[in-house]
Amino acid sequence: MSRVTLSRYLIEQTRSHNTPADLRFLIEVVARACKAISHQVSKGALGGVLGSMETENVQGEVQKKLDVISNEILLEANEWGGHLAGMASEEMDNAYQIPGRYPKGAYLLVFDPLDGSSNIDVNVSVGTIFSVLRCPDRNGEEGDLGEEAFLQPGTQQVAAGYAIYGPQTMLLLTLGNGVKGFTLDRELGSFVMTHDSIKVPESTQEFAINMSNQRHWEAPVQRYVSELLAGEAGPLEKNYNMRWIASMVADVHRILTRGGVFMYPRDSREPEKPGKLRLMYEANPMSMIIEQAGGAATNGTQRILDIQPTSLHQRVAVFLGSKDEVERVTGYHQA
Ligand code: AHG
Ligand code: MN
Ligand code: MN
C-alpha cells in the first residue's frame, strides 16, 4: 500500500471535506516550519542552540534560545504565502503584522513555538502547538490588525495541531473531523500518516499533575487527587499511575496514545491568575484535539472551547483527557 503523506491527506481533504486550498497551504507551511524546528532542536549543543537568552517574554519568563529560534522559523515560513492576515505567539507581546510587501489572507495563526522549554537543556521531548482561526471581516479597514481579531472562542478554530520533538518527530492534526497522526520520515523529508484515527480511551488509570504544587490547590482538586492516590481502597476502586513530563505536548501525546487525565489547576501561588497555561495557544488547540479524539477538556467549571477570550496571553486552568475523569473532577467543582 502506498504511504499517505501529509500533503496527500490534505489534498484528499480538499476533495472530500471542502478544505479550502489556502488552509491546506497554511498547514503545509506550518508542517515545513516544524521540520525546521525539529532539525534545530536535534542539533542540541552541537548547534549552539541550548541555553537561555538575556531576554524575557511578555509573561516575564526567561526566553530560551530555542524559543526565539522556533518563533522566528514560524514567522518567516508563514509571512509571505498570502494565506494569513496575522499571527500571534507566546513569545511576542502583540499581534504580528504581515509585512506590507506580502499579500494577506483569510486566516490567523496562533502558536506556542516551543512548548516545554524547561526540558530543552535536559534532552526531554518538547513541541510546537498551533491554532488556526478565521480573520473576522474588517469591513475594508486598513492598518494594523489588533488583538481583538484573535479573541475568538476555541469553538471557532478551523484547525489545530502540535508537533512533538521526541524520539520521533510527529505531527498531530485536526481539521475538525477527527485526529490524524503523522511521523516525520527523515529520509523522505515528509510527514507520513501513521495513526489514522486517534481516540482517547474513555476511562483510564493514569494521571498527570505537578504534585509539588499540592499545598496551593483548591478544594475540588485536593479531593480528586486524594481519591486518585487512595487507589483500590478509595472511592475510585482502582490504582492509578502518575506521570508528569512538564511539556504539555508530551503529556497530551501520552494521553492521546494510552489515555489519562492532565491537570494544571489554578492555585493560590498567584491568585490573580486563573492557571498557568495559556488559553489561545496551549489550552484551545489541545482541547480541540482532545475533543476530536473523543476526550473532554474543561477549566473545572466550563468547557474550555466555549470560553470567550479577553486577551491574547490570558491563562486558564486545564483539566483534559479521558472523559470519565474530566467529568468527575469537573463535577467536584460544582459540588
Ligand atoms: P512553555 O515552555 O511553553 O512555557 O510551557 C510550559 C508549560 C507546559 O508545557 C507544562 O505542562 C507546564 O508548563 C509545566 O509546568 P511546571 O514547570 O509547573 O511543571
Ligand atoms: Mn507552552
Ligand atoms: Mn513555549
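Can you give me the Cα centroid spacing of region 184-241 and region 113-155 in angstrom?
25 Å
Mind counting lysine pairs for me in region 6-195? Cα separation below 18 Å, and the two need to be 8 or more apart along the chain or on different chains.
Eligible lysine pairs with Cα atoms under 18 Å apart amount to 5.
Of all trypsin sites (Lys or Arg not before Pro) in region 178-212, which ones are in loop regions per DSSP and have a Cβ with at most 15 other Cβ atoms within 10 Å?
Here the sparse-neighbourhood loop sites are ARG186, LYS199.
How much of the pair distance distribution for the chain lies past 38 Å, counting alpha-carbon pairs only, in percent?
The answer is 12 percent, as a whole percent.
Mind checking which aspartates and glutamates have their C-alpha under 14 Å from LYS273, skipping anything on the same chain fewer than 8 residues away?
Once the sequence-local aspartates and glutamates are set aside, what remains near LYS273 is GLU218.
Using the basic label-point model (7 angstrom from Cα toward the beta carbon), what is the TRP244 to THR194 distance in nanometres?
Placing both labels 7 Å along Cα→Cβ, they lie 2.9 nm apart.
Which whole-number percentage describes the relative contact order of the chain, with Cα contacts under 8 Å and a sequence gap of 6 or more?
On the way: 706 pairs, mean separation 51.2, N = 335.
Relative contact order of the chain: 15 percent.
Taking 0.36 nm per residue of sequence separation and subtracting the Cα-Cα distance, how much length would be gained by fully extending the chain between GLN59 and GLU72, in nm to one decimal?
Stretched fully, the GLN59-GLU72 segment lengthens by 2.9 nm.
Could I have the simple spin-label model distance between GLN308 and GLN156, label points 7 Å from Cα toward Cβ, reported in nm to one decimal?
Roughly 1.1 nm, to one decimal.
Between ASP121 and GLN334, what is 0.36 nm times their sequence separation minus the Cα-Cα distance? Round to one decimal in nm.
Contour length minus the Cα-Cα distance gives 72.6 nm.
In nm, give the distance between the simple-model label positions of ALA233 and GLN97, each being 7 Å from the Cα along the Cα-to-Cβ direction.
Once both label points are built, they end up 6.5 nm from each other.
Please list 235-246, 322-333 highest first by mean number of surrounding beta-carbon atoms within 10 Å per residue.
Peptide ranking by packing, descending: 322-333, 235-246.
Please give the helix 65-78 orientation as an angle from the longest Cα principal axis of the chain, in degrees from 0 to 90, rounded to the nearest 10.
The angle comes out at about 50 degrees.
On C-alpha positions alone, give me the angle between the axis of helix 323-334 and the longest principal axis of the chain, in degrees, nearest 10.
Relative to the chain, helix 323-334 is tipped by roughly 70 degrees.
So if R0 is 35 Å, what FRET efficiency would ARG8 and ASN210 give, r being the distance between their Cβ atoms, rounded to the nearest 0.05?
Calculated transfer efficiency: 0.30.
Quick one: which of 295-302, 53-60 comes out on top by average Cβ neighbours within 10 Å, and what's the full order, highest first?
Packing proxy ranking, top to bottom: 295-302, 53-60.
Report, in cubic angstrom per residue, the convex hull volume of the C-alpha atoms of region 81-128.
Given the Cα convex hull of region 81-128, per-residue volume reads 90 Å³.
Suppose only helical runs count, i.e. DSSP H with n ≥ 4. What mean residue ellipticity at 222 nm does that imply for the chain under -39500 (n - 2.57) per run, divided by all residues and rounded to the nearest 500 deg cm²/dmol?
Computed mean residue ellipticity for the chain: -9000 deg cm²/dmol.
What does the highest-first list of 252-259, 142-149 look like by mean Cβ count within 10 Å?
252-259, 142-149
Suppose we look only past 27 Å in the calculated P(r) of region 191-335. What percent of the Cα-Cα pairs does that tail hold?
Of all Cα-Cα distances in region 191-335, 16 percent exceed 27 Å.
Would you kindly state how much longer the chain becomes between ASP144 and GLN222 on full extension, computed as 0.36 nm times their sequence separation minus their alpha carbon distance, in nm to one decimal?
Additional length available on full extension: 23.5 nm.
Read-outs: derived from the displayed coordinates by stated rules, not from any lab. Nothing here was measured: the structure is a model prediction, and the numbers come from that model. When we count neighbours, we look across all protein chains shown, and the Cβ atoms used for this are built from the backbone with ideal geometry, even at glycine.
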